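Colleague: My questions all concern the structure below.
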Amino acid sequence: MSNRIRPIAICVFSHRGRILAAEGYDPIKQQLFYRPLGGGIEFGERATEALHRELREEIGAEITALRYLGTVENIFTFNGQQGHEIVLVYDGAFVDRWLYERERIEGEDGLPFVAIWKSLDEFGPSQPPLYPDGLAELLHDAALS
């Protein structure tokens, strides 16, 4: 990681009260965590275009019905390195409905990962966190509006 602010876009796919989140692990903190799918926004690319590209690259999926939910600023430490992201958060849907029925979705974003469906109440102080920080609150607020 460099000392630059990185713009990223993530998409929250929800189904039956659960969201799709990729498992991650920080070996220095020895911490399991979860994060919705998405990634970096390239120069000249809109956030929605980045999401389409990232989901194709990561899991070979087409997405639709993107709806902007808000922005979260994420200052964090991962694997001993500090990072800073501006995260544009979207709600969306998979074109291929069978993805909602899969318990695990395997993908790759430089390294292999597994995404699973988890209820928001499965994240918290005594459980693995949902990143980026502030996302759970944003999703809660979006559900109320």
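Colleague: One residue is enough: does the stretch 51-60 have a residue meeting the conditions at positive phi and of a type in the set (Gly, Ala, Ser)?
Modeller: yes
Colleague: Based on what the data block shows, is Phe43 outside any helix (DSSP H, G or I), of a type in the set (Phe, Trp, Tyr), surrounded by 15 or more Cβ atoms within 10 Å (Cβ to Cβ) and at negative phi? Before the answer, list the steps.
Modeller: Values: outside any helix (DSSP H, G or I): yes; of a type in the set (Phe, Trp, Tyr): yes; surrounded by 15 or more Cβ atoms within 10 Å (Cβ to Cβ): no; at negative phi: yes.
For Phe43, the condition - outside any helix (DSSP H, G or I), of a type in the set (Phe, Trp, Tyr), surrounded by 15 or more Cβ atoms within 10 Å (Cβ to Cβ) and at negative phi - is not met.
Colleague: Answer yes or no as to whether Ala61 is touching a residue at least 12 places away in the same chain (Cβ under 8 Å), in a loop (DSSP other than H, G, I, E, B) and either out of contact with any Ser or Thr (no Cβ under 8 Å at 6 or more places or on another chain) or closer than 23 Å to Asp26 by Cα (or both).
Modeller: Working: touching a residue at least 12 places away in the same chain (Cβ under 8 Å): yes; in a loop (DSSP other than H, G, I, E, B): yes; either out of contact with any Ser or Thr (no Cβ under 8 Å at 6 or more places or on another chain) or closer than 23 Å to Asp26 by Cα (or both): yes.
Yes; evaluated as a whole, the condition is true for this residue.
Colleague: Can you go through Ala115, Ala142 and tell me which one is of a type in the set (Gly, Ala, Ser), more than 12 Å from Leu69 (Cβ to Cβ), surrounded by 13 or more Cβ atoms within 10 Å (Cβ to Cβ) and touching an Asp or Glu at 6+ places or on another chain (Cβ under 9 Å)?
Modeller: Checking each option against the conditions leaves just Ala115.
Colleague: Out of (1) aliphatic (A, V, I, L, M); (2) within 22 Å of Leu99 (Cα to Cα); (3) in contact with a helix residue (DSSP H, G or I) (Cβ under 9 Å, 6 or more places away or on another chain), what's the single condition that is false for Ala65?
Modeller: It is condition (3) that Ala65 fails.
Colleague: Which of the residues that make up the stretch 81-134 are part of a strand (DSSP E or B), of a type in the set (Phe, Trp, Tyr) and more than 14 Å from the chain's Cα centre (by Cα)?
Modeller: Result: Phe94, single match.
Colleague: Moving on. Pull up the stretch 1-22, narrow it to residues that are of a type outside the set (S, T, N, Q) and over 20 Å from Ala93 (Cα atoms), then point me to the one that is surrounded by the fewest Cβ atoms within 10 Å (Cβ to Cβ).
Modeller: The extreme case among them is Arg4.
Colleague: All but one of (1) out of contact with any Cys (no Cβ under 8 Å at 6 or more places or on another chain); (2) at pLDDT 95 or above hold for Pro36, so report the exception by its number.
Modeller: Condition not satisfied by Pro36: (1).
Colleague: Identify all residues within the stretch 1-43 that are hydroxyl-bearing (Ser, Thr, Tyr) and either closer than 25 Å to Glu62 by Cβ or touching a residue at least 60 places away in the same chain (Cβ under 8 Å) (or both); write none if there are none.
Modeller: Listed by number, the residues that qualify are Ser14, Tyr34.
Colleague: Keeping to the stretch 26-40, report how many residues are outside any loop (DSSP other than H, G, I, E, B) and exposed (fewer than 13 other Cβ atoms within 10 Å of the Cβ).
Modeller: Of the residues in the stretch 26-40, 2 are outside any loop (DSSP other than H, G, I, E, B) and exposed (fewer than 13 other Cβ atoms within 10 Å of the Cβ).
The values are calculated or read from the model by the stated rules, or taken from the named source; none is laboratory data. Keep in mind it's a predicted model, so treat the numbers as computed, not measured. Cβ sites come from the backbone with ideal geometry, for glycine too, and all protein chains shown count toward neighbours.
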